[in-house]
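Encoded as structure tokens, the structure appears first; notes follow it.
The values are calculated or read from the model by the stated rules, or taken from the named source; none is laboratory data. Predicted, not measured: the structure shown is a model, and the values here were computed from it. A quick note on method: Cβ atoms are made from the backbone with ideal geometry, for glycine too, and the neighbour counts reach across all protein chains shown.
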Amino acid sequence: MSTDVLDSLVEAVFQRHGTRVVALDMSQVPLTMEAFLIVTAENRIQARAIADHVEETARGLGFVRHHSEGYDEGSWILLDFLDLVVHIFLPDRREYYNLEMLWSDVPRIEYDDGETVRDEDEEDGNDP
């Protein structure tokens, strides 16, 4: 997945004050998607606002949402765009499921307060 697409979606997250944004490169894993985008929201209302804005931005980039889960409950919202899956968690849910640890062997990009911090694999030229 291009970093331009990820950067646009991350900007949409930051516009709704999402935090702890991490993109995981899933392209080398035997799954059907290219990337996970993992986000933290402070409350259910914010989680829904992030989900709405990310979906609107993704649609503008040509993505079509295939499936979603958790929107009504709001503690873990999953947006499935086939090539990209966005996970929006409340802090306790994110810590409980700990997707970053589960997929600790894949390249990642961590976005900190709007700044990108790339892992060593990507610095070697492997784009997530």
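Yes/no matrix, rows are residues, columns are (1) among the small types (Gly, Ala, Ser); (2) without any contact (Cβ under 8 Å) to a residue 12 or more places away in the chain; (3) assigned to a helix (DSSP H, G or I):
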{"site": "8", "(1), (2), (3)": "yes, no, yes"}
{"site": "13", "(1), (2), (3)": "no, no, yes"}
{"site": "20", "(1), (2), (3)": "no, no, no"}
{"site": "31", "(1), (2), (3)": "no, yes, no"}
{"site": "51", "(1), (2), (3)": "yes, no, yes"}
**OP:** Could you run through the range 15-33 and say how many residues are surrounded by fewer than 21 Cβ atoms within 10 Å (Cβ to Cβ) and over 18 Å from residue 51 (Cα atoms)?
**Re:** 7
**OP:** Take the range 85-128 and flag every residue that is among the basic types (Lys, Arg) and either at pLDDT below 95 or within 13 Å of the chain's Cα centre (by Cα) (or both).
**Re:** 94, 108, 118
Original post:
Given the residues 55, 42, which is the only one that is within 24 Å of residue 92 (Cα to Cα) and in a helix (DSSP H, G or I)?
Top reply: 55
Original post:
Which one is nearest to residue 28 (Cα to Cα) among residues in the range 65-83 that are in a loop (DSSP other than H, G, I, E, B) and among the aromatic types (Phe, Trp, Tyr)?
Top reply: 81
**OP:** Output the qualifying pairs, or none if there are none: Cβ atoms under 6 angstrom, residues six or more apart or on different chains, first residue in the range 100-121 and on the phi < 0 side of the Ramachandran plot, second residue at pLDDT 65 or above and assigned to a loop (DSSP other than H, G, I, E, B).
**Re:** 119/107; 121/107
Original post:
Scanning the range 62-84 for residues that are surrounded by 15 or more Cβ atoms within 10 Å (Cβ to Cβ) and on the phi > 0 side of the Ramachandran plot, which turns out modelled with the highest pLDDT?
Top reply: 70
